[in-house]
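The values are calculated or read from the model by the stated rules, or taken from the named source; none is laboratory data. All of these numbers come straight from a predicted model, not from anything done at the bench. Don't worry about glycine lacking a Cβ; one is built from the backbone with ideal geometry, like all the others, and counts go over all protein chains shown. Just the protein is used for accessible areas: all its heavy atoms, side chains included, with ligands, DNA and RNA removed. Shrake-Rupley method; radii C 1.70, N 1.55, O 1.52, S 1.80 Å.
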Amino acid sequence: MAGLKRLIRVRWILRKNFCVPILVAMAVGLLAQTTDEIRARWIEAQGGKALAAIKDTTITGTIEFVQMGINANFTLYQKEPNKMRIEVEFMGVNITQVFDGEKAWFTNPQTGTIEEMPETQTREFARQALGNDSLFHPEKYGISYAFKGKEKINEKEYLLLEQTFSDGTVVTIYLDPTTYLSVKTKGKTINSLTGLPVEAETLHADYRKVEGTLVPFQLTTYYDGQEFQRMTLQRVVYNTGLDDSLFVLKK
């Protein structure tokens, strides 16, 4: 009888410990599936196949630097998969920043010379330059996603989709659970004026249809809790055939 009890005990221990990794694996699988589903619905909400057809984007609008009381006009050019050019004009001053797919350059408004961006700002600019291809194929760019549950803001719960880049930068995307459009992004970034790291939050509003996609025409950014800038889009155009030479600044 004692031997039978020991056998039953051993079987119970084996069964218990064998079930634990199975349950863990199932939980991880469900979490991964949930993350993939949420990311897929987020992409579909923005335009899905229409996004995949975009080869280049041109955006014009205005920027208000709230704390400085400065208003500026801007034009942003983006070409798949990772080229970007931004032209900003205010008070007769013109500043151009470009990322050619490998390096970032800018025009120094004080000297008028073309200079390479410091390493930290280059990494930030390179992330911003990533286009729609990085949404569909994040693994190509060392990007991973994870669903981090929900967070309540003003009595409404939002889905948290965490985006982690190859350099360790983490951005949290707040998604409306009804539309699956982003209402806010949050993460550390570089202050575009001081070059110092800050905690940034950008609110996305006024979504409008543009050639089968939905684009937020109003973006308000806060640095360390203080309102920093308000960006208002005026026009968004796709596939105008931007040439690679546009993303090169010649000295």
For this session: On a 0 to 90° scale, report how tilted helix 2-46 is relative to the longest principal axis of the chain, with both axes built from alpha carbons and the result rounded to the nearest 10.
Result: 20 degrees
For this session: Write down the radius of gyration of region 174-251 and its Dmax, each obtained from C-alpha positions, in Å.
Result: 15.7, 49
For this session: Report the accessible area of Glu37, computed with a 1.4 Å probe over the heavy atoms of all protein chains in place, in Å² rounded to the nearest 10.
Result: 100 Å²
Seminar exercise, completed: Within the set Gln67, Gln234, Gln78, GNM on the chain using Cα springs under 10 Å gives the largest fluctuation to Gln67
For this session: Please work out the C-alpha center-to-center distance from region 59-79 to region 164-190 and express it in whole Å.
Result: 22 Å
For this session: Mind ranking His137, His204 by accessible surface for me, highest first, 1.4 Å probe?
Result: His137, His204
Exercise. What percent do you get for the relative contact order of the chain when only Cα pairs under 8 Å and 6+ apart count?
Worked result: 20 percent
Exercise. Could you give the semi-axes, largest first, of the ellipsoid that matches region 99-145, computed as the square roots of 5 times the alpha carbon gyration tensor eigenvalues and rounded to whole Å?
Worked result: 27, 9, 7
Exercise. When every alpha-carbon pair in region 19-172 is counted, what percent end up more than 23 Å apart?
Worked result: 54 percent
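If you rank Val93, Val210 by how much accessible surface each has, with a 1.4 Å probe, what is the order from largest down?
From most exposed to least exposed: Val93, Val210.
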Problem set entry | Computed FRET value (nearest 0.05) for Lys55 with Asp167, which takes r as the C-beta separation and R₀ as 30 Å | 0.70
For this session: Please give the helix 119-129 orientation as an angle from the longest Cα principal axis of the chain, in degrees from 0 to 90, rounded to the nearest 10.
Result: 80 degrees
Exercise. With charges set only on the Cβ (+1 for Lys and Arg, -1 for Asp and Glu), what does the dipole of the chain come to about its Cα centre, in debye to the nearest 20?
Worked result: 1680 debye
For this session: Mind checking region 57-108 for GluC sites (Glu not before Pro) that DSSP puts in a loop (not H, G, I, E or B) and that have at most 10 other Cβ atoms within 10 Å?
Result: Glu102
Exercise. Largest first, what is the accessible-area ranking of Lys250, Lys184, Lys150 with a 1.4 Å probe?
Worked result: Lys250, Lys150, Lys184
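Going through the cross-link list Lys103/Lys148; Lys150/Lys209; Lys79/Lys140; Lys55/Lys209, which pairs have a Cα-Cα distance over 23 Å in this structure?
Lys103/Lys148; Lys150/Lys209
Over the chain, what is the percentage of antiparallel beta bridges among all DSSP beta bridges, to the nearest 5?
About 100 percent, rounded to the nearest 5.
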Seminar exercise, completed: Computed curve, region 135-196, Cα-only Debye sum without solvent term, log₁₀ I(q)/I(0) at 0.19, 0.24, 0.27 Å⁻¹, is -0.79, -1.02, -1.12
